[in-house]
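Every number in this text was worked out from the coordinates using simple rules, so none of it is lab data. Keep in mind that what you see is a predicted model, and the values were worked out from it rather than measured. Positions of Cβ are backbone-derived with ideal geometry, glycine not excepted, and every protein chain shown enters the neighbour counts.
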Amino acid sequence: MPPPVFRFAPSSNGFLHLGHAYSALLNFESARARGGRLLLRIEDIDATRCRAEFEAAIYEDLGWLGIAWETPVRRQSDHFADYRAALDRLAALGLLYPSFESRAEIAALVKAREADGVWPRDPDGVPLYPGAAKSLPDEERERRLRSGAPFALRLDMDAACRVAGDLAWTERGCGPDGETGDVVARPKAWGDVILARKDTPTSYHLSVVIDDALQGITDVVRGQDLFWSTAVHRLLQNILDLPRPVYRHHDLICDGAGKKLSKSSEATGLRELRARGMTAEEVRRLIGLP
């Protein structure tokens, strides 16, 4: 049996903090304990925020923590063709459509819907897409695309769920309410999620499942904030005939107010802690690792 393959996949849009250290060390030590491999992936699809200096700092911080990974490192920005191929497959199945509303227009639509009652929100608390772009006549849709209008490419969730059928995943960690073992995936809770935009040829949901498949990832170890997103990932894996990893969602490292750490928090940034003289061993104790 081939060895298990783990990955740590930070975004190069800021410096790493204690939460990243916790997740990276869990992946590293899980791989080492099981005789597996650890891969590093740089999630840099956001060209406006991701920078080379942040990527260099990722390598420096991980090395300081004593983490080793295989090379070469996969950068998402080098693989837009892989995501385009996946979008083409979904489009051929009739599962994609463009929506043309701006964020302000969507907010206004949600406000109008909420005037008549509660409008549904996804597990992250974001209102589901309220627009009617799915029902646009083909001629009007093509006219807008030819005009160069901005658009978001959305997954027709109802149609996708009909194609995929019932879904579940194996959870070796736990969800926010203690969910573990065989967890039923409910992707409809996310509505018609965005898989790409005119100026951004992929999204997190799409790129993460394509990257995991192409890198042969068998075990996904990540924070509980992504627990319910796994439903969308299982949906895409099923439709695109991709392998099904095992998942372990771990507790989040939070600040004194109980909020998830942000890359803007200097108090918990690895660079700042190192500059104050803190050692890697002290970081481990700070985040509750032996």
| How about the stretch 98-171: which trypsin sites (Lys or Arg not before Pro) there are in a DSSP loop, with at most 11 other Cβ atoms within 10 Å of their Cβ? | none
| task | Could you tell me what fraction of 2.2 N^0.38 Å the Cα radius of gyration of the stretch 149-290 comes to, as a two-decimal ratio? | result | 1.25
| So, in Å, what gap is there between the alpha-carbon centers of the stretch 269-290 and the stretch 156-171? | 41
| said: List the lysines whose Cα sits under 28 Å from the Cα of residue 134, skipping any in the same chain fewer than 8 residues away. | reply: 111, 188, 198
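Taking every DSSP beta bridge that has both residues in the chain, what percent is antiparallel when rounded to the nearest 5? The partial results should precede the final answer.
On the way: 15 of 29 bridges.
Within the chain, antiparallel bridges account for around 50 percent of the total.
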| task | Quote the charge dipole size of the chain about the Cα centre in Debye, to the nearest 20; the model charges only the Cβ of Lys and Arg (+1) and of Asp and Glu (-1). | result | 180
| Electrostatic dipole magnitude of the stretch 169-290 [Cβ: Lys, Arg +1; Asp, Glu -1; Cα centre; debye, to 20] | 220
| field | All-pairs Cα distance distribution in the stretch 16-135, expressed in whole percent, bin size 10 Å | value | 10, 25, 25, 25, 14, 2
| remark: Partner aspartates and glutamates whose C-alpha sits under 19 Å from that of residue 260, ignoring same-chain residues fewer than 8 away, are 122, 124, 177, 225, 251, 272
| field | Extreme residue, positive dipole direction of the stretch 206-245, given options 221, 232, 206 (C-beta unit charges) | value | 232
| note | In terms of the alpha carbon gyration tensor, root eigenvalues a ≥ b ≥ c, rounded if a/c is under 1.5 and otherwise prolate when a/b exceeds b/c or oblate, the stretch 77-207 is oblate
| field | For residue 196, residues with placed amide H under 5 Å, excluding near neighbours | value | 153
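Using only alpha-carbon positions, what ratio does the radius of gyration of the chain give when scaled by 2.2 N^0.38 Å? Write out the running numbers ahead of the final one.
On the way: Rg = 20.1 Å, N = 290, 2.2 N^0.38 = 19.0 Å.
Scaled against compact globular proteins, the figure is 1.06.
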